[in-house]
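Notes to accompany the following structure.
The values are calculated or read from the model by the stated rules, or taken from the named source; none is laboratory data. Please read all numbers here as calculations on a predicted model, not as lab measurements. Backbone-built Cβ (ideal geometry, glycine too); neighbour counts: all protein chains shown. Each accessible area value is taken on the protein alone, full model and side chains, heavy atoms only, with ligands, DNA and RNA left out. Shrake-Rupley method; radii C 1.70, N 1.55, O 1.52, S 1.80 Å.
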2 protein chains.
Amino acid sequence: MLNYQLDRTFAALSDPARRAMVERLTEGPATVSELAKPLPMSLPAVMLHLKVLEDCGLVKSEKAGRVRTCRIEPQRLSQAEKWVSERRQMWERNLDRLGAYLDETKPEDER
Amino acid sequence: MLNYQLDRTFAALSDPARRAMVERLTEGPATVSELAKPLPMSLPAVMLHLKVLEDCGLVKSEKAGRVRTCRIEPQRLSQAEKWVSERRQMWERNLDRLGAYLDETKPEDER
């Protein structure tokens, strides 16, 4: 289940327009028009990107009257961050271990 | 340029087989056969996934004789991590600021 969510979160983040929308929403909630304003595309195109962001759970939106307001769901962002940072840390630990091994196995006159 | 690299890195990470390959490579270099072993797919399918990982710069491989050895390129992983963690931190800062604002604007008898 987590795996499938990560698939969709990373796929959602692979588009620059969607990353721009996420970036805007980290500053606080925004209406769809506010999200669309800086983007070089039509409102329907923005709505499609919003749907991808909502489907993967990165963003939630609510309609009040004619205005749809969007906000970020930080939990999904944290999940993606956790996956990447754990992999990076694992790599660094293994690199340290390799360094220690190379130090130990070095001939004495080279230490 | 960084934007385009992030597109490809996140797209590469949106597939569970490719994430499994990255995960394996954080433990150290591996041959293509070693990468393929735990995956429920053919060797040509693994080679295609490897190509995606190499194209976005997450993985490098070298052929010595008949054996192709792959290793992780930690820089790309760090870039993706940085993007996500900066967005999460920005969101938290803005949440703190909102909290402080709400505290300040609270009627005195509710403080």
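Here are a few things to note about the model shown:
- Index of the failed condition, residue A:26 passing every other in (1) touching a strand residue (DSSP E or B) at 6+ places or on another chain (Cβ under 9 Å); (2) within 13 Å of chain B (Cβ to nearest Cβ); (3) of a type in the set (S, T, N, Q); (4) surrounded by fewer than 15 Cβ atoms within 10 Å (Cβ to Cβ): (4)
- Region B:8-23, subset within 8 Å of chain A (Cβ to nearest Cβ) and open to solvent by 30 Å² or more (accessible area, probe 1.4 Å), residue nearest to residue B:63 (Cα to Cα): B:23
- Taken over region B:69-93, the criterion of being within 20 Å of residue B:12 (Cα to Cα), open to solvent by 20 Å² or more (accessible area, probe 1.4 Å) and either aromatic (Phe, Trp, Tyr) or more than 7 Å from every other protein chain (Cβ to nearest Cβ) (or both) is satisfied by B:69, B:71, B:73, B:75, B:76, B:79, B:82, B:83.
- Search result, residues across region B:102-111 that are outside any loop (DSSP other than H, G, I, E, B) and modelled with pLDDT of 75 or more: B:102, B:103, B:104, B:105
- Scanning region B:1-32 for residues being among the polar types (S, T, N, Q) and at pLDDT below 95 gives a total of 3.
- Just one of (1) facing chain B (nearest Cβ under 10 Å); (2) surrounded by fewer than 19 Cβ atoms within 10 Å (Cβ to Cβ) fails for residue A:48. It is (1).
- Which listed residue, of A:61, A:33, A:42, is within 22 Å of residue B:89 (Cα to Cα) and over 14 Å from the mean Cα position of the chain (by Cα): A:61
- Number of the exception - residue A:55 against (1) open to solvent by 30 Å² or more (accessible area, probe 1.4 Å); (2) under 18 Å from residue B:88 (Cα atoms); (3) within 15 Å of the chain's Cα centre (by Cα): (2)
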